[in-house]
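**Student:** Take a look at the following structure, please.
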Amino acid sequence: MPSDVTEADVQELTDHLSDYLERVEEGETILLTREGKPFGRLGPVRAEEARQEDDVSTREKMKALEEKGVLSWSGKKPPAREPVAKVKGEKTVAQLLLEDRR
């Protein structure tokens, strides 16, 4: 394994995520493992990839999707809709989602 690649188990990564993200920002690559078996990498974006992302605006991306027929948009704000589900009790949908993530 190259010297600029560090191995991190999923639990270790989640316990110290901000530290690992700082290391990635500094150019290090993190090899993700579960039970000692590698399954992915977390690494810096190459300079040419970053430039390409910066060059394409959101408006240009939407226009490309519209040309492909993936979406259509009148340019106006979408109309308000009725909620598709009702929440029972006093909690908001956001609170329920946060509970479910724990």
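Every residue, every condition in (1) modelled with pLDDT of 90 or more; (2) surrounded by 10 or more Cβ atoms within 10 Å (Cβ to Cβ); (3) part of a loop (DSSP other than H, G, I, E, B); (4) in contact with a Pro (Cβ under 8 Å, 6 or more places away or on another chain), yes or no:
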residue	(1), (2), (3), (4)
Ser3	no, no, yes, no
Leu13	yes, yes, no, no
Glu22	yes, yes, no, no
Gly27	no, no, yes, yes
Val45	no, yes, yes, no
Glu48	no, no, no, no
Leu65	no, yes, no, no
Ser72	no, no, yes, no
Ala80	no, no, yes, no
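**Student:** Using beta carbons and a limit of 7 Å, which pairs, at least six apart or on different chains, have the first residue in the stretch 91-102 and of a type outside the set (Gly, Ala, Ser) and the second one open to solvent by less than 90 Å² (accessible area, probe 1.4 Å)?
**Tutor:** That search, which allows pairs on different chains as well, returns Val93/Val87; Leu96/Val87.
**Student:** Scan the stretch 33-60 and report the pairs whose first residue is of a type in the set (Val, Ile, Thr) and whose second residue is part of a helix (DSSP H, G or I) and at pLDDT 85 or above, with Cβ atoms within less than 8 Å and a gap of 6+ or a chain change.
**Tutor:** Final answer for the pair search is Thr33/Val10.
The values are calculated or read from the model by the stated rules, or taken from the named source; none is laboratory data. Bear in mind the structure is a predicted one, so any value in this text is a computation, not a measurement. Please note: Cβ atoms are built from the backbone with ideal geometry, for glycine as well, and neighbour counts cover all protein chains shown. Just the protein is used for accessible areas: all its heavy atoms, side chains included, with ligands, DNA and RNA removed. Shrake-Rupley method; radii C 1.70, N 1.55, O 1.52, S 1.80 Å.
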